[in-house]
C-alpha cells in the first residue's frame, strides 16, 4: 500500500516535470523572442551638418584621427578638403587613408591599420559609403589588437575593444552608419565575411547630409535602395512568432523606400526624397526593423558570391537574388509572403507581390537576371559550391537552404 | 555711361542677394527639417531579463546605487526583493528610496537626493513606471549639482552632468525609459514642468520584461496605451513638410497599439500582446516617430493641468483632452487630419477618424469627458487661466493656442 503511494507520487512528479519542460519548449516556440536593441549612434541629419564633424569627434574622445575614404568622388567634390578643414579648425590631428574599393578587401584594411598606427590614432573617421565605413570599422578593431584583424572575421577571436568610429555618409545603402556590422572580402580566398557585433563596431556618430548624395549616379542610387529593401526583408522573412512591431515598422519603411526611390531618380536634387531615402537606409539596418526576429540573410549570402567572383554591385546583385529567393519561397514556404505582398505591395497573392517588386526594380533601372547583371559565362556550379563553403552546408533560417535548394534558386536568376 | 553700369551692377547684386535670402527662407519653410536622433539606451527586452540588472549597472559604471521605487506593488510582488538580490550578488552597494507618487513631486526628489548623497551614489536605478523614472532622472541631475535641482526645471540652469540612470520598467506608458525627458510637479505652485534633454537624462539601459506588467490593472493598462497614442500624435500633428518616414513609422506603431490593447485587456497574461504594447510605448517616445518634426505637445500641456489640480491619471486625462483637441482642429486646421483618419483608422473623414478613436477609447475603458474622468465642480476658468500661466500666452505648434482657443477646447471636453 505504502509502496503504491510512492509509485503514484513519483509518477506525478514525472508528469509535472515533463509537463513543465514541454511548456517551456512551447513558450520558446510560440512566444515572441527576447532581444536587445542598442543603437547608441548619434545621428546628426540635415543640410550642412558635416560642419559639426570636428566637434563631434572631440565629443566622442578623438584627438588623432585616421581619416578613411574611397575613390576620387569625395576628393573631386571638395568634400574631403572641407572635412579636413573642419577637423583642422577643431585642433585635431589626422592622417589620410584613401583608396578603399567597393566590396572592401583585407589588403586595404592592413594598409589603413599601418597608417593609423604611425599616427597613434585614437579615432577612425569614415568619409564615404558602406564599403569605406566597413573598412574603417575593421581598422578600428585592428588598431586595438596585436594580432591579425582577420582573426575577428574568421571567428578565431571576439572583439573586446575597438577605436571609436565616426561617419560622414555619402552613399545611403548599406546602413553601416547605424549598424555594428562590417563586411570584408579576403582577396586570396574570395571569402566575403560579415562580422556582427552588438556594440564595438557601431559608429559613435553619423553625419548625414542628403545634399552630399545629389551627385550619386542613378545606378548607385537604385542599387542602394535595393540594398535597403533587402536589409528589411532579411529580417522580415522569419518564422519567429509575434513580430507585430518590427513587421509594422519594416512595412512602413519599405513602402517609404518604394515611394521615394523613383522620385530621386526623376529629380536627383529633390532634397526631401533624397533625405527620406537616406534616413530609410539607416532604419533598414540599425535593428529597429527586426527586434526579436530570427533573421535570415541567405539572400545576402547568395549575393556575396556574385560580388566576390564577378565584382558586381552588391545592391544590383540583390535585385537579381531576392526575387529568385522569393519565387522559390512562394512555392516551398509561403508563410509570410501573403502578408508581405498585401501590406507592402497591395497585392492579393505572393506571385503578384513578387511581380510588383520586379516591376519596381525594373522601373528604378535594376537588373533582375544574371544576364542583365552583366555576368557572362556564369559558373553556376562553382558559385553554388562556393556559397556552401562560405556559409556552411545548410544556411538560412526562414527555410534552411542546402545545396539542392540554393541551386534551384540560382537557376531562377537565369 | 560708366555710372549706369555701376547702378545696374549694384541692382543685380541686390536682386541676387535678396533672391538668395528668399530662397533660403523658402527652403527652411518647405523642406524637411534637420534633426538629431540619439537614442543611446541599451534596451534589454524579454522574459527574465531583470536578472541582468546587476551586470548592466556595472557595465555602465555603477558601484553605489540609489534604488528608486514607488508604491507597494513592487514590494508586494517580490520584484524589489529580487532586484536587491541581483544587485547584491553583483557586489554593488545600494540605498533604497521608496514612495514616489504618480505625478511625482519635487519633495520626493529632494528626499531622494538626500538619500543618494548619504550613500555617495554614482548610479540611479529606477524600478517602476514613468513617475518613478522621471523622479529618478531628476535625482540623477540633482546629485551632480550643488544648487536646487528645480533650477533645471525652472529654466534657470542647463544640465551639464547627471549620474547615469538605469531602469527596470514595470508600467509601459510614459516612454521615459527611452526618452531624455522628465516631468515633475512643484507642490507649492501646482506647476507640472517637462524638462527635455538631448542626452543627460536618457537612461543608459532599460530592462523590460513584459511579464512584470501582467498584474497591471485594466485602467492603468488602458491609460498607458492612451499615453502612447498621444506621444505619437503630439509629434504627428505638425506643419513640418516632408515627414514621410516619421509619419509611416508613427502610423505603424499607432495601428499596433490599437490592435494590441484590447487583447491585453481581454487576457492580461497574453505575453505577446503585453510585449507588443510595452515595446510600442518605448518607440512612441524615444524620438523615432518624430525625426525632424516640429512637435506640438499642447494636448499634454492642457492635460497636465487636470493632473496637477484634480490628480487624475495622466493617460485617462489625455483620453479626454485629445479627442477634444482633434475635434477643434477638424474645423480650424484639418491639414493632417484626413491622412491620420485614413491611415490609422481606415476612415474617410477626420470626423469619422475621431469617432473611431473615441469608440476605441471607450472600448478600452477610458473616459472621454470631464465627468467620466471623475472631476466634480470642474473650474474651467481657473484651469484655462492656469494653463497659460504654465505654458505661456500662446502655446502649441500645429495651431498655436491662445486663451480663447484653449477655452473652446476645454469646453469640448464637457
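The values are calculated or read from the model by the stated rules, or taken from the named source; none is laboratory data. Everything quoted here is computed from the prediction, not taken from an experiment. Backbone-built Cβ (ideal geometry, glycine too); neighbour counts: all protein chains shown.
Worth a mention:
- When residue B:292 is tested against (1) surrounded by fewer than 24 Cβ atoms within 10 Å (Cβ to Cβ); (2) closer than 21 Å to residue B:342 by Cβ; (3) within 12 Å of chain A (Cβ to nearest Cβ), exactly one condition is not met: (2).
- Screening residue A:204 with (1) within 12 Å of chain B (Cβ to nearest Cβ); (2) closer than 25 Å to residue B:241 by Cβ gives one miss only, at (2).
- Here residue B:275 passes the criteria (1) surrounded by 24 or more Cβ atoms within 10 Å (Cβ to Cβ); (2) within 30 Å of residue B:242 (Cβ to Cβ); (3) touching a strand residue (DSSP E or B) at 6+ places or on another chain (Cβ under 9 Å) except the one numbered (2).
- Lone qualifier among A:244, A:269 - being surrounded by fewer than 20 Cβ atoms within 10 Å (Cβ to Cβ) and within 14 Å of another protein chain (Cβ to nearest Cβ): A:269
- Qualifying residue in the stretch A:300-320 (condition: farther than 28 Å from residue A:203 by Cβ and surrounded by fewer than 20 Cβ atoms within 10 Å (Cβ to Cβ)): yes
- Those residues of the stretch B:316-365 which are outside any helix (DSSP H, G or I) and either outside the structural domain of residue B:406 (by TED's automatic domain parsing) or more than 16 Å from residue B:228 (Cα to Cα) (or both), in sequence order: B:333, B:334, B:335, B:336, B:346, B:347, B:348, B:349
- Filter result for residue B:341 (surrounded by 23 or more Cβ atoms within 10 Å (Cβ to Cβ) and out of contact with any strand residue (DSSP E or B) (no Cβ under 7 Å at 6 or more places or on another chain)): yes
Yes/no per residue for (1) free of Cβ contacts under 8 Å to residues at least 60 places away in the same chain; (2) over 23 Å from residue B:172 (Cβ atoms); (3) touching a helix residue (DSSP H, G or I) at 6+ places or on another chain (Cβ under 8 Å); (4) more than 14 Å from chain A (Cβ to nearest Cβ):
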residue: B:282; (1), (2), (3), (4): no, no, yes, no
residue: B:299; (1), (2), (3), (4): no, no, yes, yes
residue: B:304; (1), (2), (3), (4): no, no, yes, yes
residue: B:309; (1), (2), (3), (4): no, yes, yes, yes
residue: B:318; (1), (2), (3), (4): no, no, yes, yes
residue: B:331; (1), (2), (3), (4): yes, yes, no, yes
residue: B:334; (1), (2), (3), (4): yes, yes, yes, yes
residue: B:344; (1), (2), (3), (4): no, no, yes, no
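- So residue B:60, is it surrounded by 18 or more Cβ atoms within 10 Å (Cβ to Cβ), under 23 Å from residue B:198 (Cα atoms) and either modelled with pLDDT under 95 or within 14 Å of chain A (Cβ to nearest Cβ) (or both): no
- Among the conditions (1) touching a strand residue (DSSP E or B) at 6+ places or on another chain (Cβ under 9 Å); (2) at pLDDT 95 or above; (3) within 26 Å of residue A:305 (Cα to Cα), residue A:110 misses just one, which is (1).
- Residue within the stretch B:4-23 that is modelled with pLDDT of 80 or more and either within 13 Å of another protein chain (Cβ to nearest Cβ) or touching a strand residue (DSSP E or B) at 6+ places or on another chain (Cβ under 8 Å) (or both) present: no
- Residue A:395 satisfies every condition listed in (1) closer than 28 Å to residue A:243 by Cβ; (2) touching a residue at least 12 places away in the same chain (Cβ under 8 Å); (3) surrounded by fewer than 16 Cβ atoms within 10 Å (Cβ to Cβ) except (3).
- The single residue among B:61, B:46 that is out of contact with any helix residue (DSSP H, G or I) (no Cβ under 8 Å at 6 or more places or on another chain) and over 22 Å from residue B:181 (Cβ atoms) turns out to be B:61.
- Counting only residues that are surrounded by fewer than 22 Cβ atoms within 10 Å (Cβ to Cβ), part of a loop (DSSP other than H, G, I, E, B) and in contact with a strand residue (DSSP E or B) (Cβ under 7 Å, 6 or more places away or on another chain), the stretch B:166-197 holds 1 of them.
- Residue A:55 meets each of the listed conditions (1) out of contact with any strand residue (DSSP E or B) (no Cβ under 8 Å at 6 or more places or on another chain); (2) at positive phi; (3) within 14 Å of another protein chain (Cβ to nearest Cβ) apart from (2).
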